[in-house]
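Chemist: Dropping a structure here in structure tokens format, bear with me for questions.
The values are calculated or read from the model by the stated rules, or taken from the named source; none is laboratory data. What you see is a predicted model, and the numbers here were worked out from it, not measured in a lab. Every residue, glycine among them, receives a Cβ derived from its backbone with ideal geometry; neighbour counts consider all protein chains shown.
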Amino acid sequence: METPAQSGASRAQIVTLTMNPALDITTSVDNVRPTDKLRCEIPRYDPGGGGINVARIGHVLGASVLALFPAGGPTGDVVMSLLKDAGVPFRHVAIGASTRESFTVNEGSTGRQYRFVLPGPRLTFAEREGCLDELRRAALSAEYVVASGSLPPGAPADCYQQVADICRPLGVRLMLDTSGGGLRHVSSGVYLLKASVRELRECVGRPLVTEAEQLAAAHELVDSGRAEVVLVSLGSRGALLATQHESQRFSAVRMPGGSGVGAGDAMVAAITVGLSRGWPLAKSVGLGIAAGAAMLMTPGTAVCGRADVERLFEQVAEPAEV
């Protein structure tokens, strides 16, 4: 499928891969109660999945992006229609099953948020290979590939290692943001690995209670050759950055309360955009901190605004060496 929004997309500087995309549905209700029918507000629909979110935010920040993903059924059609309306370049691999939905309910009386994430369709071997073939073609002229999000049911655990093996001989830097088996089975070829503390714990099999322990675990991944850079997201406390020669701590931008949905995707997107501009790593991570904070100002999974990111970027403090 090719649309006007996709013309020239094969020459995108940043290519994103979403193996398990979703149609994100967000609504609100005064109180969440069992059994009762809950009369919700008018829902908001957004195209979702890690790589798609990265492409949407990268597009807002003015980068040359291309989103790759499998799509099928009515929900897949809606995801593609929403991306087309937003002007985000994309290519999809048609699949027989329907793209999943994710459902978020905000409870007005308490401010709590309830997120229901469906597993997604099981892709056939041919469908998975079709996604990797599209990636090979797009990566030929890309500088960065961002593989982000969960793997669909039945996908091989080493799927993201296959992505790394595609990127490495092409000299394309791979940015990886995933969890579970998809993370544990990556052994080499990643430029920047972004992980939450929970994901890092699952990866190394230890509780990692202190920041010192978290930073040490990040350095283990660097020393083992799995990634050149490991960024540990600390949520409202900022982030830790580990490279072969450096250890840095980034403070978060102080923000009032808000939904953190999509903040991690925004961070990865903005870091990749900064690097694509030729910025140093630390400055690019600072842009990522700002973009993650800006997502707290948006409803549901709506993307942050460029002006908000740039304003908050001015408030990001210099990282501290640790």
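Chemist: Restricted to region 148-178, and to residues that are closer than 20 Å to Thr243 by Cα and not in a helix (DSSP H, G or I), which residue is nearest to the chain's Cα centre (by Cα)?
Modeler: The selected residue is Asp177.
Chemist: Out of the residues in region 194-209 that are without any contact (Cβ under 8 Å) to a residue 24 or more places away in the chain and basic (Lys, Arg), state the one that is farthest from Ile271 (Cα to Cα).
Modeler: Restricting attention to region 194-209, the residues satisfying the condition of being without any contact (Cβ under 8 Å) to a residue 24 or more places away in the chain are 198-199, 201-209.
Those left that are additionally basic (Lys, Arg): 198, 201, 206.
On the way: Arg198: 21, Arg201: 23, Arg206: 28 Å.
Within region 194-209, the match that is farthest from Ile271 (Cα to Cα) is Arg206.
Chemist: May I pose another question? Go through region 59-117 and count every residue that is assigned to a strand (DSSP E or B), out of contact with any helix residue (DSSP H, G or I) (no Cβ under 9 Å at 6 or more places or on another chain) and touching a residue at least 40 places away in the same chain (Cβ under 8 Å). Reasoning before the result, please.
Modeler: Quick first cut of region 59-117, residues assigned to a strand (DSSP E or B) only: 65-71, 90-94, 100-107, 113-117.
Next cut, out of contact with any helix residue (DSSP H, G or I) (no Cβ under 9 Å at 6 or more places or on another chain) only: 102-107, 113-117.
Narrowing further to those that are touching a residue at least 40 places away in the same chain (Cβ under 8 Å): 102-107, 113-115, 117.
Residues in region 59-117 being assigned to a strand (DSSP E or B), out of contact with any helix residue (DSSP H, G or I) (no Cβ under 9 Å at 6 or more places or on another chain) and touching a residue at least 40 places away in the same chain (Cβ under 8 Å): 10 in total.
Chemist: Anything in region 179-202 that is part of a helix (DSSP H, G or I) and under 26 Å from Val273 (Cβ atoms)? List them, or say none. Lay out the reasoning, then the answer.
Modeler: Applying the first criterion (part of a helix (DSSP H, G or I)) to region 179-202 yields 180-184, 197-202.
Across region 179-202, the qualifying residues are Gly182, Leu183, Val197, Arg198, Glu199, Leu200.
Chemist: Considering each of Gly262, Gly274, Gly278, Gly238 in turn, give the residue that is on the phi > 0 side of the Ramachandran plot and out of contact with any strand residue (DSSP E or B) (no Cβ under 9 Å at 6 or more places or on another chain). Spell out the reasoning first.
Modeler: Numbers: Gly262 fails: out of contact with any strand residue (DSSP E or B) (no Cβ under 9 Å at 6 or more places or on another chain); Gly274 fails: on the phi > 0 side of the Ramachandran plot; Gly238 fails: out of contact with any strand residue (DSSP E or B) (no Cβ under 9 Å at 6 or more places or on another chain).
Of the residues listed, the single one that is on the phi > 0 side of the Ramachandran plot and out of contact with any strand residue (DSSP E or B) (no Cβ under 9 Å at 6 or more places or on another chain) is Gly278.
Chemist: Output the number of residues of region 60-71 satisfying the condition of being of a type outside the set (Val, Ile, Thr) and out of contact with any His (no Cβ under 9 Å at 6 or more places or on another chain). Outline the logic, then answer.
Modeler: Quick first cut of region 60-71, residues of a type outside the set (Val, Ile, Thr) only: 61-64, 66-71.
Narrowing further to those that are out of contact with any His (no Cβ under 9 Å at 6 or more places or on another chain): 61-64, 66.
Residues that pass the stated criteria total 5.
Chemist: May I ask you to verify whether Leu241 is free of Cβ contacts under 8 Å to residues at least 40 places away in the same chain and among the hydrophobic types (A, V, I, L, M, F, W, C)? Break it down stepwise before answering.
Modeler: Details: free of Cβ contacts under 8 Å to residues at least 40 places away in the same chain: no; among the hydrophobic types (A, V, I, L, M, F, W, C): yes.
So Leu241 does not fit the description; no.
Chemist: Follow-up question, since we're still on this one. When residues of region 275-322 are filtered for being closer than 18 Å to Phe250 by Cα, of a type in the set (Val, Ile, Thr) and surrounded by 23 or more Cβ atoms within 10 Å (Cβ to Cβ), how many remain?
Modeler: Of the residues in that region, 3 qualify.
Chemist: Moving on to the next point. Which of the residues spanning region 27-53 are assigned to a loop (DSSP other than H, G, I, E, B), under 28 Å from His92 (Cβ atoms) and in contact with a Phe, Trp or Tyr (Cβ under 7 Å, 6 or more places away or on another chain)? Quick ask: steps written out before the conclusion?
Modeler: Looking only at region 27-53, we keep the residues that are assigned to a loop (DSSP other than H, G, I, E, B), and these are 30-43, 49.
Now narrow it down to the ones that are under 28 Å from His92 (Cβ atoms): 42-43, 49.
Gly49 - this is the single residue of region 27-53 that is assigned to a loop (DSSP other than H, G, I, E, B), under 28 Å from His92 (Cβ atoms) and in contact with a Phe, Trp or Tyr (Cβ under 7 Å, 6 or more places away or on another chain).
Chemist: State which residue is surrounded by the fewest Cβ atoms within 10 Å (Cβ to Cβ) when the search covers only region 1-27 and only residues that are at pLDDT 95 or above and of a type outside the set (Val, Ile, Thr).
Modeler: Gln13
Chemist: Residues in region 29-40: is at least one under 28 Å from Val309 (Cβ atoms) and either more than 22 Å from the chain's Cα centre (by Cα) or touching a residue at least 60 places away in the same chain (Cβ under 8 Å) (or both)? Before you say what the answer is, go through the steps one by one.
Modeler: Of all residues in region 29-40, those under 28 Å from Val309 (Cβ atoms) come to none.
Checked against the condition, which is being under 28 Å from Val309 (Cβ atoms) and either more than 22 Å from the chain's Cα centre (by Cα) or touching a residue at least 60 places away in the same chain (Cβ under 8 Å) (or both), region 29-40 yields no hits at all.
Chemist: For region 55-85, give me each residue that is of a type in the set (S, T, N, Q) and farther than 26 Å from Ala294 by Cα. Explain how you work it out, then say what you get.
Modeler: Going residue by residue through region 55-85, those that are of a type in the set (S, T, N, Q) are 64, 75, 81.
Within region 55-85, Thr75 is the sole residue that qualifies.
Chemist: Can we say Leu183 is free of Cβ contacts under 8 Å to residues at least 24 places away in the same chain, within 16 Å of the chain's Cα centre (by Cα) and under 25 Å from Ala263 (Cβ atoms)?
Modeler: On the way: free of Cβ contacts under 8 Å to residues at least 24 places away in the same chain: yes; within 16 Å of the chain's Cα centre (by Cα): yes; under 25 Å from Ala263 (Cβ atoms): yes.
Yes: the conditions hold for Leu183.
Chemist: Pick from Ala138, Ala164, Ala157: which is buried (at least 19 other Cβ atoms within 10 Å of the Cβ) and touching a helix residue (DSSP H, G or I) at 6+ places or on another chain (Cβ under 7 Å)?
Modeler: Working: Ala164 fails: touching a helix residue (DSSP H, G or I) at 6+ places or on another chain (Cβ under 7 Å); Ala157 fails: buried (at least 19 other Cβ atoms within 10 Å of the Cβ).
So the residue among Ala138, Ala164, Ala157 that is buried (at least 19 other Cβ atoms within 10 Å of the Cβ) and touching a helix residue (DSSP H, G or I) at 6+ places or on another chain (Cβ under 7 Å) is Ala138.
Chemist: Just one of the numbered conditions (1) outside any strand (DSSP E or B); (2) of a type in the set (Asp, Glu); (3) under 25 Å from Gly120 (Cβ atoms) is not true of Asp24; which one?
Modeler: With (1) outside any strand (DSSP E or B); (2) of a type in the set (Asp, Glu); (3) under 25 Å from Gly120 (Cβ atoms) applied to Asp24, the lone miss is (1).
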